[in-house]
Amino acid sequence: MPDFQDIVADPHFMPVGVSADMHTIRFARVSVESLRAQAFLDGRSPYTHGPETAVAIDELAPALGGNTAPSRVLLHVSFCGSTLLSNLLDVEGQSLGLREPAGQIELADALRTAPERVSRATHVVEALLSRTIEGHVPVIKPSNWANNLLPIWIDETAIDPIFMTIAPRLFLRAVFRGGRDRLAYAIRLAQHLAPSIEDGAGRLSRSIAAPPDPLQKAARLSLLALSFQLTLFQTALKERRWGKARVITFDQLENDPVGTAIRVADILQLPVEVAAIRRGSKAVLERHAKVPGRRFAASEAAEANRLVEQHHSATFDSAFAWASAEELCLEMPV
């Protein structure tokens with residue numbers, strides 16, 4: 001069994017989870033190929049080899065030291081193209097996209113009950129995820145479930161971030177386009193993030209107080225989930241004085257995906273060749289970002305959006321009127 005020094009020195013030991021008491025981190029062996037093959041690393045499909053090994057955070061933190069460079073991170077709201085951007089920045093032999101690592105999700109879940117222990121564990125996990133593996137520099141795309149960790153990440157400048165967002169109407173269309181599962185996730189996300197936001201609980205209560213229509217409640221809560229995330233983003237931008245160039249919109253990515261990826265690589269000082277991003281982009285843009293083996297069809301997405309708008313436009317209009325009265329943050333400076 002490897003000891004903690006072996007694990008810290010070898011990036012093939014990836015942190016895959018944390019104990020409930022936040023005292024140990026679980027590791028498993030990975031390879032560039034196993035990580036790259038998965039759309040997400042949140043546990044939906046296996047990507048590790050062999051048994052897990054648990055190591056105490058008290059041993060890991062001193063071994064890592066305080067000289068680790070900030071992680072290159074794509075922070076995002078839902079449905080803004082973050083998986084596509086991660087794929088475009090994943091360049092063979094140069095960089096590697098880590099999409100929604102499970103350890104970060106577990107930390108986000110534990111934040112309310114053990115904030116101090118989560119804070120320490122978060123810095124350790126971030127340093128471990130940012131290690132170069134087989135010559136590949138990681139670009140981490142956390143789950144947006146982990147956006148409540150943002151105040152911890154910026155506390156010691158543990159991340160070098162990009163902030164990705166989407167126009168609120170497009171966001172609502174995407175949520176409703178996904179049916180019951182996406183609506184349920186958006187509602188859970190609003191509830192999950194509310195404790196991290198001033199008057200978050202009050203806004204949750206007000207969002208469901210009046211409308212008898214369940215779809216109207218769902219639309220309001222979806223906008224609330226978006227607003228909570230953008231509030232966290234704007235606070236981080238202000239506190240760290242990060243420029244507007246770090247804000248990437250869905251429209252920018254959709255209109256010029258390759259150019260946007262090249263610009264993000266430059267902002268993050270990612271050591272990849274521009275020509276390599278261009279070479280790999282054709283295959284990336286032809287496949288579905290979230291469903292391996294499926295081709296992406298822009299016409300199908302456009303038709304789905306048209307139908308959603310046709311059926312739910314009145315619901316959306318009403319939800320936006322409520323959001324305006326609540327003065328929700330629904331836009332980022334770009």
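The values are calculated or read from the model by the stated rules, or taken from the named source; none is laboratory data. Just so it is clear, the model here is predicted, and its values are computed rather than measured. Glycine also receives a Cβ, built like all others from the backbone with ideal geometry; neighbour counts cover every protein chain displayed. Just the protein is used for accessible areas: all its heavy atoms, side chains included, with ligands, DNA and RNA removed. Shrake-Rupley method; radii C 1.70, N 1.55, O 1.52, S 1.80 Å.
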Within the stretch 109-119, is even one residue touching a strand residue (DSSP E or B) at 6+ places or on another chain (Cβ under 7 Å), of a type outside the set (Gly, Ala, Ser) and either at pLDDT 95 or above or buried (at least 18 other Cβ atoms within 10 Å of the Cβ) (or both)? no
For the stretch 290-304, check the following and say yes or no: at least one residue is modelled with pLDDT under 95, among the acidic types (Asp, Glu) and either within 30 Å of ALA210 (Cα to Cα) or surrounded by fewer than 18 Cβ atoms within 10 Å (Cβ to Cβ) (or both). yes
Picked from the stretch 195-237 (must be open to solvent by 60 Å² or more (accessible area, probe 1.4 Å) and among the aliphatic types (A, V, I, L, M)), the residue modelled with the lowest pLDDT is ALA210
Among the residues of the stretch 242-262, write down those that are surrounded by fewer than 18 Cβ atoms within 10 Å (Cβ to Cβ) and either closer than 23 Å to LEU150 by Cα or within 17 Å of the chain's Cα centre (by Cα) (or both). GLY243, LYS244, ALA245
Hey, can you tell me all the residues within the stretch 296-313 that are among the hydroxyl-bearing types (Ser, Thr, Tyr) and under 20 Å from LEU183 (Cα atoms)? SER313
Members of the stretch 27-85 that are closer than 23 Å to ALA261 by Cβ and free of Cβ contacts under 8 Å to residues at least 60 places away in the same chain: GLU33
Top-ranked residue in the stretch 147-160 [being of a type outside the set (D, E, K, R), in contact with a strand residue (DSSP E or B) (Cβ under 8 Å, 6 or more places away or on another chain) and not in a helix (DSSP H, G or I); ranked as least open to solvent (accessible area, probe 1.4 Å)]: ILE159
Can you name every residue in the stretch 26-39 that is in contact with a helix residue (DSSP H, G or I) (Cβ under 8 Å, 6 or more places away or on another chain) and modelled with pLDDT under 95? ALA39
Qualifying position, being within 11 Å of the chain's Cα centre (by Cα), closer than 16 Å to PHE163 by Cβ and modelled with pLDDT of 95 or more, among ILE105, ILE140: ILE140
Hits in the stretch 88-122 - residues which are small (Gly, Ala, Ser) and at positive phi: GLY93
Taking ALA39 and the conditions (1) within 24 Å of the chain's Cα centre (by Cα); (2) closer than 11 Å to PHE13 by Cα, which numbered condition does it fall short on, given that it satisfies the others? (2)
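Take the residues in the stretch 83-103 that are assigned to a helix (DSSP H, G or I) and open to solvent by less than 10 Å² (accessible area, probe 1.4 Å); name whichever of them is nearest to ALA275 (Cα to Cα).
Taking the candidates together, the pick is LEU88.
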Report every pair of residues separated by at least 6 positions or lying on different chains whose Cβ atoms are under 8 Å apart, first residue within the stretch 172-194 and among the hydroxyl-bearing types (Ser, Thr, Tyr), second open to solvent by less than 60 Å² (accessible area, probe 1.4 Å). TYR185/SER78
Whichever residue in the stretch 65-81 is open to solvent by 10 Å² or more (accessible area, probe 1.4 Å) and out of contact with any helix residue (DSSP H, G or I) (no Cβ under 7 Å at 6 or more places or on another chain) and, among such residues, is nearest to MET164 (Cα to Cα): ARG72
